[in-house]
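First up is the structure itself, then whatever we jot down about it.
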Amino acid sequence: MTQPTERTRLLPEVNQTPVFDTSINRERKLRVKQFQCCLCAIFLSILLVVLIATVAYSINNSEVPSDNSTSGITNDNETILILLSNTWPILDMRYKTQTLNDNTKWEKNLEAGRKALKEKDEIEKNAPSLPVHSPSYIHQKIVATSEKAKNLTRFGYIVEHATRHMYSENVSLPEFSKLCARNQMECNIFQKYRTANGTCNNLKRPEFYGVSYRPFRRALPPDYADGISKPRVSKNGKPLPSARSVSLMVHRSYYRNDDKFSVMLAVWGQFLDHDITATALSQKSNGSTISCCDSTAVTHPECFPVQLDPIDPIEKYNVTCMEFVRSAPSPTCCLGPREQLNQVTAFIDGSVIYGADEEVTKILRNFQNGTLKMYVTKDGRTLLPISDDLNDGCNREEQKTNGKYCFLTGRKLMNKFDLSPQKRGYFGNYNDSINPNIANNFATAAFRFAHSIIPGLMKLLANDNSNPEFTQMHKMLLDPFKLYTAGELDKTLRGAMNTTLKNHLFEGTDEHVKQPKMCGLDLVSLNIQRGRDHGLPGYSFWRKHCGLKKPTKFDDLQNDMDNESLRNIKSAYRNVDDIDLYTGALSEKPIEGSILGPTLTCLILDQFVRIKHGDRFWYENSQKPQAFTPEQLDEIRKTSLASIICDNSDNLTVIQAKVMERLNSRNDYVSCLKINRPNITLWKENFSYLALTGGSINVVTAEEI
Ligand code: HEM
Ligand SMILES: [Ca+2]
């Protein structure tokens with residue numbers, strides 16, 4: 001059976017009847033659903049810029065919080081100057097790997113890898129799976145890993161164990177001239193549209209840069225306990241403090257309602273995140289989940305459960321261990337340390353909507369008027385299609401009552417890095433030497449900063465905005481079927497635009513302490529544990545990477561963190577180099593007026609610079625044949641998330657123009673009819689281009705750089 005993915009499992013053409021009505025592919029009047037892929041991707045890009053701009057806006061324009069005694073701010077100008085003095089994007093540090101090629105020299109290593117895979121498959125037969133619909137089950141299912149990823153990561157497993165064998169045989173690494181053998185791929189330089197999997201975007205590295213199903217980029221060499229794949233340990237060789245202890249000790253609840261932004265900012269952020277990162281998790285060879293906390297059963301080699309201290313508040317609920325399965329090893333073309341697999345394209349190309357490879361794209365499309373398949377509710381409204389897996393953790397009636405899943409950069413910098421959208425004209429800084437691939441640190445730590453701004457309660461607002469209802473965020477997230485009821489979609493949209501974000505940088509939810517029985521999972525612990533699983537070096541090394549002062553002792557961080565955070569960090573960790581990136585970076589004093597400290601600013605900026613400057617199909621680029629005309633670009637610039645929401649909601653008639661900002665007198669309701677929209681008639685397909693090339697394909701052969 002195909003594995004579900006969070007993104008899009010469609011009903012197959014025949015005979016699958018989930019709990020709810022199957023779809024009749026009917027078209028509905030809504031205009032936006034008919035957008036072509038490229039258009040939607042552009043809108044995504046613009047909205048990304050809005051997101052960054054919003055964060056950036058906060059960096060320069062927010063009021064300094066009144067309670068500086070706890071949060072403080074970092075020395076803004078000095079930090080910005082340090083950041084600016086880096087060469088951007090910041091150079092990745094290379095490290096040694098050994099090219100895999102047909103050379104039989106490696107065959108015995110690969111043989112050892114294959115043997116390890118067989119052994120794993122054998123152990124797995126007796127290792128338990130998780131109970132369907134337990135929180136961890138849902139977690140493993142929604143952190144979706146596709147069938148394709150599963151098969152690829154099996155090769156990753158072989159490579160990892162081949163590397164281990166090579167090391168154990170004490171084979172010395174010979175000098176190498178290039179990191180990996182590069183296959184040569186032929187690309188059509190006249191290709192007007194992006195490919196679904198990102199290939200041929202970069203003509204120098206057509207099958208690697210930005211492409212889906214490739215390993216995450218390493219900005220710093222990994223720090224594994226054994227140099228190959230075992231999760232990071234303390235500098236003194238002992239285990240690190242448990243991720244859960246760090247979560248409880250350092251990530252204290254520190255609520256301060258941020259009244260500037262609405263939950264829509266986070267909703268958008270997460271949507272964007274899913275366009276650029278999706279880490280493959282380990283699963284059994286038959287695709288089932290892996291349970292790690294049953295001490296009486298066989299332990300799966302990919303288990304890395306979070307240990308709990310006897311004093312943990314969860315203990316009283318008889319929970320002694322937190323489920324955690326490692327991310328799957330990515331196949332690489334080299335023998336070397338373990339890498340993780342990004343299942344999606346690094347470009348902001350709408351892969352979250354259309355799929356990140358050709359096969360998925362085909363499954364999703366109607367092949368009629370450029371429409372996607374949709375689910376049509378009884379009352380004729382269209383929603384996303386339903387998963388075809390009854391056990392995907394969501395697709396169940398009982399889930400309705402059983403929602404147990406519980407989880408809780410400044411304008412100056414933006415301008416400097418050309419991250420702001422142009423008001424007119426083209427963006428001229430495409431650079432084919434830039435590797436846009438998503439950094440492991442970005443997916444695993446830096447961009448997860450936003451987990452700290454999600455409120456526990458969501459407002460639901462009916463038409464007249466009176467009598468708000470409240471629902472717990474985690475319940476709402478796992479109850480998509482509520483949207484089948486007329487009015488619920490609009491209530492949820494209004495709620496997201498009218499609930500303000502939390503700004504608890506030193507994140508931690510009341511829930512993860514008070515209601516652990518409900519959760520069994522704590523997102524902060526997962527983030528920390530994930531960083532160790534991926535061998536992310538400690539926080540201090542990332543400071544150095546960003547040009548900031550690398551601490552050699554805890555007290556060196558006195559100016560960078562507030563007293564309480566530093567005190568807690570000191571009591572949690574033994575060595576300053578042990579501090580996890582997620583914890584250290586979130587504990588930094590924010591740059592004045594921002595919610596992000598310097599390390600997060602640096603890592604996030606670096607990634608977005610790469611995504612924009614390294615994308616040949618960026619909507620503002622002037623390269624032909626894909627370039628838009630200046631007139632088309634002007635139309636695109638009229639798009640806003642507000643107009644998209646107006647067009648796709650059921651009966652929303654008024655909206656604030658800046659939906660990611662709170663409704664207020666300067667951002668008040670306006671009629672949906674008054675919101676600007678692009679004139680899409682400028683996109684009437686021009687076939688003369690095909691006629692010009694006579695339908696023939698000009699091929700450029702990719703070179704090595
Ligand atoms: C209600 C809101 C959210 C929930 C419940 C949630 C939950 C999760 C969970 C369970 C994971 C996987 C944890 C692991 O096992 O390692 C995850 C990963 C992640 N989250 Fe969130 N998240 C939310 C919002 C956000 C937002 C707003 C952002 C960013 C703006 C974000 C960024 C990320 C990133 C980058 C990852 C790694 C994704 C990957 O590579 O697979 N999340 N989140
Ligand atoms: Ca993408």
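The values are calculated or read from the model by the stated rules, or taken from the named source; none is laboratory data. Keep in mind it's a predicted model, so treat the numbers as computed, not measured. Heads up, the Cβs are rebuilt from the backbone with ideal geometry, glycines too, and the neighbour counts pull from every protein chain shown. Keep in mind that these areas ignore ligands, DNA and RNA; they rest on the heavy atoms of the full protein, side chains included. Shrake-Rupley method; radii C 1.70, N 1.55, O 1.52, S 1.80 Å.
Determine whether the stretch 367-387 contains at least one residue that is more than 15 Å from ALA144 (Cα to Cα) and within 16 Å of ligand 1 (Cβ to nearest atom). Within the stretch 367-387 (the criterion being more than 15 Å from ALA144 (Cα to Cα) and within 16 Å of ligand 1 (Cβ to nearest atom)), the answer is no, since none of the residues qualifies.
Are any residues in the stretch 448-495 basic (Lys, Arg) and within 21 Å of ASP647 (Cα to Cα), and if so, which ones?
Residues satisfying the conditions are LYS482, LYS491, ARG494.
Of the residues that sit in the stretch 331-357 and are polar (S, T, N, Q) and over 30 Å from SER295 (Cβ atoms), which one is farthest from ligand 2 (Cβ to nearest atom)?
At the first step, the residues of the stretch 331-357 found to be polar (S, T, N, Q) are 332, 340, 342-343, 345, 351.
Retained after the next criterion (residues that are over 30 Å from SER295 (Cβ atoms)): 332, 342-343, 345, 351.
Details: THR332: 21, ASN342: 9, GLN343: 10, THR345: 4, SER351: 3 Å.
Going through the qualifying residues, I end up with THR332.
Within the stretch 298-327, track down each residue that is aliphatic (A, V, I, L, M) and at pLDDT 90 or above. VAL298, VAL306, MET322, VAL325, listed by residue number. Among the listed residues ALA450, ALA443, which satisfies the condition of being within 16 Å of ligand 2 (Cβ to nearest atom) and on the phi < 0 side of the Ramachandran plot? Criteria check complete, one pass: ALA443.
Quick one: count up the residues across the stretch 190-217 that are among the polar types (S, T, N, Q), under 20 Å from ASP606 (Cβ atoms) and either at pLDDT below 95 or more than 12 Å from ligand 2 (Cβ to nearest atom) (or both).
So the first thing to find is which residues in the stretch 190-217 are among the polar types (S, T, N, Q), and the list is 191, 195, 197, 199, 201-202, 212.
From what is left, the residues that are under 20 Å from ASP606 (Cβ atoms) are 201-202.
Now narrow it down to the ones that are either at pLDDT below 95 or more than 12 Å from ligand 2 (Cβ to nearest atom) (or both): 202.
The qualifying residues number 1.
Look at (1) within 16 Å of ligand 2 (Cβ to nearest atom); (2) over 26 Å from SER640 (Cβ atoms); (3) in contact with a helix residue (DSSP H, G or I) (Cβ under 6 Å, 6 or more places away or on another chain) and you find that PRO436 fails only one, number (2). If the condition is being open to solvent by 30 Å² or more (accessible area, probe 1.4 Å), at pLDDT 90 or above, part of a loop (DSSP other than H, G, I, E, B) and farther than 26 Å from PRO537 by Cβ, then the stretch 80-127 contributes no residue at all. Reported count of residues in the stretch 319-350, each being within 14 Å of the chain's Cα centre (by Cα), more than 13 Å from ligand 1 (Cβ to nearest atom) and either on the phi > 0 side of the Ramachandran plot or not in a loop (DSSP other than H, G, I, E, B) (or both), is 1. Give just the number: which of (1) outside any loop (DSSP other than H, G, I, E, B); (2) buried (at least 18 other Cβ atoms within 10 Å of the Cβ) does GLU631 not satisfy? With respect to (1) outside any loop (DSSP other than H, G, I, E, B); (2) buried (at least 18 other Cβ atoms within 10 Å of the Cβ), GLU631 is out only on (2).
Can you work out which of the residues in the stretch 247-269 that are of a type in the set (D, E, K, R) and in a strand (DSSP E or B) is modelled with the highest pLDDT?
Step one: filter the stretch 247-269 for residues of a type in the set (D, E, K, R), giving 252, 256, 258-260.
The next check asks that each one be in a strand (DSSP E or B); those that pass are 258-260.
Details: ASP258: 61, ASP259: 73, LYS260: 84.
The residue in question is LYS260.
Among ARG448, ARG494, which is modelled with pLDDT of 85 or more and over 22 Å from ILE655 (Cα atoms)? Being modelled with pLDDT of 85 or more and over 22 Å from ILE655 (Cα atoms) holds for just one of ARG448, ARG494, which is ARG448. Taking the condition of being modelled with pLDDT under 95 and touching a helix residue (DSSP H, G or I) at 6+ places or on another chain (Cβ under 6 Å), how many residues in the stretch 564-578 meet it? Result for the stretch 564-578: 1.
Return the residue satisfying two criteria in turn: it lies in the stretch 428-453 and is part of a loop (DSSP other than H, G, I, E, B) and surrounded by 24 or more Cβ atoms within 10 Å (Cβ to Cβ), and of such residues it is farthest from ligand 1 (Cβ to nearest atom).
Let us first name the residues in the stretch 428-453 that are part of a loop (DSSP other than H, G, I, E, B), namely 428-438, 445.
After this cut, where a residue has to be surrounded by 24 or more Cβ atoms within 10 Å (Cβ to Cβ) as well, the list is 436-438, 445.
Details: PRO436: 15, ASN437: 13, ILE438: 8, ALA445: 9 Å.
That would be PRO436.
When the residues of the stretch 501-528 are filtered to those that are at pLDDT 65 or above and open to solvent by less than 10 Å² (accessible area, probe 1.4 Å), the one that is nearest to ligand 1 (Cβ to nearest atom) is LEU526.
Inclusion of ASN679 among residues that are more than 28 Å from PHE261 (Cβ to Cβ) and modelled with pLDDT under 95 is warranted. Residues that are modelled with pLDDT of 90 or more, within 16 Å of ligand 2 (Cβ to nearest atom), touching a Phe, Trp or Tyr at 6+ places or on another chain (Cβ under 9 Å) and closer than 30 Å to VAL609 by Cα: does the stretch 358-380 have at least one? Checked against the condition, which is being modelled with pLDDT of 90 or more, within 16 Å of ligand 2 (Cβ to nearest atom), touching a Phe, Trp or Tyr at 6+ places or on another chain (Cβ under 9 Å) and closer than 30 Å to VAL609 by Cα, the stretch 358-380 yields at least one hit.
The number of residues in the stretch 549-606 being among the hydrophobic types (A, V, I, L, M, F, W, C), more than 20 Å from GLY237 (Cα to Cα) and part of a loop (DSSP other than H, G, I, E, B) comes to 2. Scoring VAL360 on the criteria (1) farther than 17 Å from ASP275 by Cα; (2) open to solvent by 10 Å² or more (accessible area, probe 1.4 Å); (3) of a type outside the set (Phe, Trp, Tyr) leaves a single failure, condition (1). Please tell me if ARG574 is open to solvent by 30 Å² or more (accessible area, probe 1.4 Å) and under 21 Å from PHE541 (Cα atoms). The answer is yes for ARG574.
May I ask you to list the residues in the stretch 274-327 that are among the acidic types (Asp, Glu) and surrounded by fewer than 18 Cβ atoms within 10 Å (Cβ to Cβ)?
Within the stretch 274-327, the first condition is being among the acidic types (Asp, Glu), and the residues that meet it are 275, 294, 302, 309, 312, 315, 323.
Matches in the stretch 274-327: ASP294, ASP309, GLU315.
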